[in-house]
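What follows is a single structure, written as C-alpha cells, with notes after it.
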Amino acid sequence: MKSRLTLFILLVASVAALAQGPAIENAHLIQPSDLAQLLQSKDPKPLIFNIGPRMLYDQAHITGAELIGPATDPRGIDALKARVRTLPKKQFIVLYCGCCPWSHCPNVEPAYQQLRSLGFTNVKVLFIANNIGTDWVYKGYPTVRGQ
Amino acid sequence: MKTLVCLVALFCAAAVASSAQVKSGDTAPAFSVVSLNGHRANLADYKGKVVLLNFWATWCTPCQKEIPRFIAFQREQEAKGFQVIGISMDDSDPPVRAFTAKLKTNYPIAMGTTKLAESYGGVLGLPITFLVDRNGRIARRYEGAVDLDAMERDIKKLLEVDRNESNRDHR
C-alpha cells in the first residue's frame, strides 16, 4: 500500500513538473524586462542565441541575436556546439526561443542542457511566458524586424 | 536635416503600420498559396464561407492537439459553408508532410512565408488562428493554447449568420 502511494505521489509530481515546462533552475532564467534593460545599458552584452525556428526569427528577433536553429533538431544542437566551440566557458550567453508558451517550448531545455554539459557556467535562458511577440516584440524591447 | 528627420519618421511609421496586428472587423489580408498536394488555395475563393485560418507547426505541442479537432470541424461543418486552411510555419516541408499524412488532414495545408505571416500582423508564436466570416472579415483571433469548445461555438455562431445579414451589420 505504502509503495503504491509513493508511486502515485511520484506520478503526480512528474505530471506537475511537465506542466510547468522546461526544467531550468530559476537562477538560470532571465526576465525579458531585465534583458531589455541590459541591452539598453552600457554594460557588456551577452551573446544571444535564438534556438527556435527560422520562420519566426526572420520576422522579428532580439537585437543582436544570432540564429542557431531549433534545438529539438540534431542539426540545431550541432550548430550550437559549433558556435560555442572556441568560446571561453565563462562567456555570458542568453538562449531564447519564444515559439510557444513556456510550458510547451521544446527547444530551450535541450539547448540549455547542451551548454551546461559542455561546461558553460554563465548561461541564462530568457523566460518567455507566452511567445516572442507578446513578451518581447510588442512590448517595444530592442527588436530587429524582417530578415 | 529637417527633411531627413521627417523621412525617417515616415519610414518608421510605415514599418510599424506594415506590422500592425489585424483585428476583428478588418478585411482578412488576401493570399494565394499552393497546398502540399499541389492545389492553389486563394482566400478570395472562399468568400461566402466561414474560414478558419490556422498558423501552426509540427514542433508546437498546442498545435498538435488542435489539428484533430480542426479535422473534425471540417468534416462536420463543411456542408454549412466552412473551410479550414492550415499554414505551417515549419522551416521545411518533410516533417509537415509526414505529420499531415499520419493525421489524414482533410483540408488544404501550405507552407507559410514571412510575407504571409507579416500580412497577418506577424506570427511571432504559435498557434495563431483567425476566424474569417462569410464576407471575408476577421471575426476572431486566437493565440496560444485556447479552449477549442469555445472556438467551435464561435464557428457555429458565424455559420448561422447569413452573408447578407453580416453585410447589414457592418453598414
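What follows is calculated from the coordinates using simple rules that are stated; it is not laboratory data. None of these values were measured; they are calculated from a predicted model. With ideal geometry, Cβ positions are generated from the backbone for all residues, glycine too; neighbour counts draw on all protein chains shown.
Here are some notes:
- Listed residue pairs exceeding 23 Å between alpha carbons, taken from B:K102/B:K157; A:K89/A:K124; A:K124/B:K115; A:K90/A:K124; B:K80/B:K157: B:K102/B:K157; A:K124/B:K115
- Check: the stretch B:24-169 dipole with +1 on Lys, Arg Cβ and -1 on Asp, Glu Cβ, in debye: 320
- For B:K156, the aspartates and glutamates whose Cα falls under 16 Å of its own Cα, not counting residues fewer than eight places away in the same chain, are B:E76, B:E78, B:D133, B:D147, B:E165.
- Cβ-derived FRET efficiency at R0 35 Å, B:D149 paired with A:E25, nearest 0.05: 0.45
- B:A44 versus B:A98: modelled label distance in nm, points set 7 Å from Cα along the beta carbon direction: 3.8
- 5 angstrom amide H check on B:L126, placed H, neighbours 5+ away: A:C100
- Shielding value for B:90-96 is 2, the average number of Cβ atoms from other chains within 10 Å of each residue's Cβ.
- Residues whose amide H lies under 5 Å from that of A:A60, counting only those 5 or more places away or on a different chain, are A:G146; hydrogens are built 1.01 Å from N in the peptide plane.
- Among beta bridges that DSSP assigns inside the stretch B:53-171, antiparallel share in %, nearest 5: 55
- Treating each Cα of the stretch A:2-145 as an identical point scatterer and summing with the Debye formula, the log10 of I(q)/I(0) at q = 0.11, 0.12 Å⁻¹ comes to -0.42, -0.50.
- Taking the DSSP beta bridges with both ends in the stretch A:2-145, the antiparallel portion is around 20 percent.
- Label separation (B:K23 vs A:S103): 2.9 nm, computed from points 7 Å beyond Cα along the C-beta direction.
- Residues in the stretch B:72-81 carry Karplus couplings, in order, of 5, 4, 4, 5, 7, 10, 3, 5, 8, x Hz; the curve used is 6.51 cos²θ - 1.76 cosθ + 1.60 with θ = phi - 60°, and Gly or Pro positions show x.
- Sequentially through the stretch B:43-55, phi angles give Karplus couplings (6.51, -1.76, 1.60; θ = phi - 60°) of 4, 4, 5, 9, 4, x, 10, 8, 10, 9, 9, 10, 8 Hz, Gly and Pro residues having no value and appearing as x.
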